[in-house]
Amino acid sequence: GTSGVARGDMLDWRAEERFVRIVHERMARLYAGRSRMHAGDWLRLFSPAVAATKGDIAGVTSRISGLDSILVEDWAWRTRLRAYRNADDRAGALRLARAATESPTSARQKAEAWRAIGEIELQRGDTAAAKTAFSNTLAAWPFSDVALDAARQLSALPRLTARQHLEIGRIYLRFGDATRGRDGLVRYLKASGIDAHTAQPVRYEPGRST
């Protein structure tokens, strides 16, 4: 039912982190007397999520029209993207995600948009476009859970560039995965055509096996 879908949405750890931050922001504004926030606003937030789960693009659009601007920019954007993907409208999902990468927005939203593009391009069978999108995810927000997930997906793809191996290795090292981190650095150092001056400091990065 609706409550089950809402709970599933909230238990998504990436969405939950953003949800908590939005709550804090909105409560701060409320107590500063600059805006009004009601319980109904939060209840309306989950109605689009239900529609998105069903792939109801029109339903999502109509349900978010009256939401607070911060919610529309953040949570609702993700909900719209999920609706397109659940409706198997890859062209619409790509259009929405690409627009998010070009608009002035948060690093998280830009990174999430690039990650979504990578995943959709994989579904379309365009591995080259997927690799580019995942690399752009790492560049958009390198110290993030979104980048770690993109690195995981990127590392599974064939014929990566030396630079991509280096980026993947560094991401894993930042998150404490020494084994995968060293593997990425070693693959970079073994790649042909890398610049010797660029490669030298990589040999001494933390986690590099001797």
Worksheet item: Of (1) surrounded by fewer than 21 Cβ atoms within 10 Å (Cβ to Cβ); (2) in a loop (DSSP other than H, G, I, E, B), Leu173 satisfies all except one. Which?
Response: (2)
Worksheet entry | Wholly within the range 54-164, helices (runs of 4 or more DSSP H) carrying at least 1 residues that are under 17 Å from the mean Cα position of the chain (by Cα) and either within 24 Å of Asp177 (Cβ to Cβ) or modelled with pLDDT under 95 (or both) | 69-73, 75-86, 90-102, 107-124, 127-140, 145-155
Worksheet item: Here are some conditions: (1) open to solvent by 40 Å² or more (accessible area, probe 1.4 Å); (2) free of Cβ contacts under 8 Å to residues at least 12 places away in the same chain. Gly193 meets all but one. Which one does it not meet?
Response: (2)
Practice prompt. Would you check which residues across the range 153-171 are touching an Asp or Glu at 6+ places or on another chain (Cβ under 8 Å) and either more than 25 Å from Gln123 (Cβ to Cβ) or free of Cβ contacts under 8 Å to residues at least 24 places away in the same chain (or both) and list them?
Written response: Gly169, Arg170
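The values are calculated or read from the model by the stated rules, or taken from the named source; none is laboratory data. Worth saying up front: this structure is predicted, and the values here are computed from it rather than measured. Because the Cβ atoms are built from the backbone with ideal geometry, glycine has one as well, and the counts that use them run over all protein chains shown. In case anyone asks, the SASA skips ligands and DNA or RNA and just uses the protein heavy atoms, side chains included. Shrake-Rupley method; radii C 1.70, N 1.55, O 1.52, S 1.80 Å.
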